[in-house]
Amino acid sequence: MLHHVANGFAVGADRHDLMQELLLAVWRAVPAFREGAQAGTFIYRVAHNAALTWRRRQKNYERRVEQFGAMVEGSAGGGGDAASGSARERETLELIYTHIRALPPVDRSLMLLHLDGVGYAEMAAIHGISESNVGVRISRLKQKLSEAMKEITHELR
């Protein structure tokens, strides 16, 4: 049943990640199981809700990454036809991740958390720094990544 849900919501390597999320969700939900209910229905409901939440997080993450890529491309003055748009988007996305991987560990973590839509308060708690410090660092990281992307897109022209 869990495999069916995972296959219905994810493709490729994401299936494995979703499957882990589903197993964890079912494990956490076991204490809420009422003995009179059917186990299959309970498991399916928990798995389906977990898959919906997982998919929503994925879409939000992809949207934030695309927005960041569009911001970088827009500031670099990129243009072109629609046919090369998806290839350009993939290249831009890979460049963004290349620069994120080159950041120091805390900055990398902050940027990834930001792309995941995690709030400043939660980021501050995770890293043991103040919310204002998180805001300043995120702002500087965006600027740093934008400048790096501008240089690369300028060189590619």
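The values are calculated or read from the model by the stated rules, or taken from the named source; none is laboratory data. Keep in mind that what you see is a predicted model, and the values were worked out from it rather than measured. Virtual Cβ from ideal backbone geometry, glycine too; neighbours counted across all protein chains shown.
Cβ-Cβ contacts under 9 Å between residues 6 or more apart (or on different chains), taken from a first residue in the stretch 59-80 that is within 16 Å of E147 (Cα to Cα) and acidic (D, E) to a second residue that is loosely packed, with under 12 Cβ neighbours inside 10 Å and at pLDDT 75 or above, are absent. Within the stretch 117-126, the residues that satisfy the criterion of being modelled with pLDDT of 85 or more and of a type outside the set (G, A, S) are Y120, E122, M123. Only a single criterion out of (1) surrounded by fewer than 13 Cβ atoms within 10 Å (Cβ to Cβ); (2) among the acidic types (D, E); (3) under 30 Å from L145 (Cα atoms) is not satisfied by E35, namely (3).
What about A70, is it farther than 26 Å from D17 by Cα, assigned to a helix (DSSP H, G or I), at pLDDT below 80 and not assigned by TED's automatic domain parsing to the domain that holds E21? If you could, list the steps in order and put the result at the bottom.
On the way: farther than 26 Å from D17 by Cα: yes; assigned to a helix (DSSP H, G or I): yes; at pLDDT below 80: yes; not assigned by TED's automatic domain parsing to the domain that holds E21: yes.
Here the answer is yes, as A70 does meet what is asked.
For (1) outside the structural domain of L115 (by TED's automatic domain parsing); (2) hydrophobic (A, V, I, L, M, F, W, C); (3) part of a helix (DSSP H, G or I), each residue gets a yes or a no:
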{"site": "G8", "(1), (2), (3)": "yes, no, yes"}
{"site": "E35", "(1), (2), (3)": "yes, no, no"}
{"site": "G40", "(1), (2), (3)": "yes, no, yes"}
{"site": "A50", "(1), (2), (3)": "yes, yes, yes"}
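Can you say whether W27 is among the aromatic types (F, W, Y), in a helix (DSSP H, G or I) and surrounded by 14 or more Cβ atoms within 10 Å (Cβ to Cβ), as far as the supplied structure shows? Here the answer is no, as W27 does not meet what is asked.
Just a yes or no: is a residue in the stretch 94-116 modelled with pLDDT of 85 or more, surrounded by 15 or more Cβ atoms within 10 Å (Cβ to Cβ) and among the β-branched types (V, I, T)? Scanning the stretch 94-116 turns up no residue that is modelled with pLDDT of 85 or more, surrounded by 15 or more Cβ atoms within 10 Å (Cβ to Cβ) and among the β-branched types (V, I, T).
Report yes if R90 is within 29 Å of A6 (Cα to Cα), modelled with pLDDT of 80 or more and either surrounded by 11 or more Cβ atoms within 10 Å (Cβ to Cβ) or of a type in the set (K, R) (or both), otherwise no.
no
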